[in-house]
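Take this structure first; my questions come after.
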Amino acid sequence: MVCTALQMDYLKPELAFARGVVLTGVEEPVTIPDQFRADILLLLPRLRRFAFSLTRSGPDADDLLQDACISALANWQQYDAAQPFDRWMFRIVRNSWISEIRKRKVRLGEGNVPAEDASELQTEQVADVSLEVKDVMGEVAHLPQELSQPLLLVCAEGYSYQETADLLDVPKGTVMSRIHRARKLLMVQLKEEKGA
């Protein structure tokens with residue numbers, strides 16, 4: 001198949017989203033509903049914060065968010081309107097991150113490992129911490145992912161315990177317990193830093 005310059009411009013992925021088109025690779029381009037695109041754009045700041053809480057790195061969070069948006073746009077017909085759109089998008093971001101961790105392990109020759117055991121989720125302690133929001137978020141970043149994820153979803157994003165449990169595929173009691181443990185650890189860490 002020979003493409004003209006105009007067709008090649010049309011096939012550029014970075015321009016496709018602006019036109020509301022998804023390129024699936026095999027069939028003709030599919031038009032995305034305007035409301036779907038608008039909903040993704042409204043969620044971007046919240047999704048970016050969540051991606052950053054997973055990756056602990058701005059560039060990695062941006063890459064993760066881009067991959068998740070591409071996945072959502074490519075699979076927009078699979079979205080079930082009966083479920084909240086933001087939960088669907090958060091799950092895509094989370095699943096994309098788990099896939100990325102597994103890919104990194106394979107690249108390093110370590111094969112598949114559970115996401116909880118991935119070294120990418122572990123961070124170092126920050127030396128000087130004050131009680132400003134930026135510093136509290138720094139301490140949250142040092143919590144294990146199993147504690148920081150539910151804490152951020154409930155306290156920062158406003159999800160209920162049940163919604164968070166559904167999103168993370170764990171029982172509601174587990175979410176409550178992890179948030180309690182995260183808060184206790186944060187209080188200890190902040191007291192140690194304040195006393196030091």
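Which of Thr31, Thr55, Thr164, Thr174 has the fewest other C-beta atoms within 10 Å, and how do the rest follow up to the most?
Taking fewest neighbouring Cβ atoms as first place, the list is Thr31, Thr174, Thr55, Thr164.
Give the order of Met187, Met89 when sorted by the count of other beta carbons within 10 angstrom, beginning with the fewest.
Least to most surrounded, the residues fall as Met187, Met89.
Among Phe50, Phe85, which comes first, second and so on when ranked by fewest other beta-carbon atoms within 10 Å?
With the fewest neighbours first, Phe50, Phe85 line up as Phe85, Phe50.
Would you please give the FRET efficiency between Arg56 and Phe36, computed as 1/(1 + (r/R0)^6) with r the Cβ-Cβ distance and R0 = 41 Å, to the nearest 0.05?
In this case the efficiency is close to 0.85.
Any read-out appearing in this document is the output of simple, stated calculations on the displayed coordinates, not a laboratory observation. These numbers were taken from a predicted model, which means no experiment stands behind them. Neighbour counts run over all protein chains shown; Cβ positions are idealised from the backbone, glycine included.
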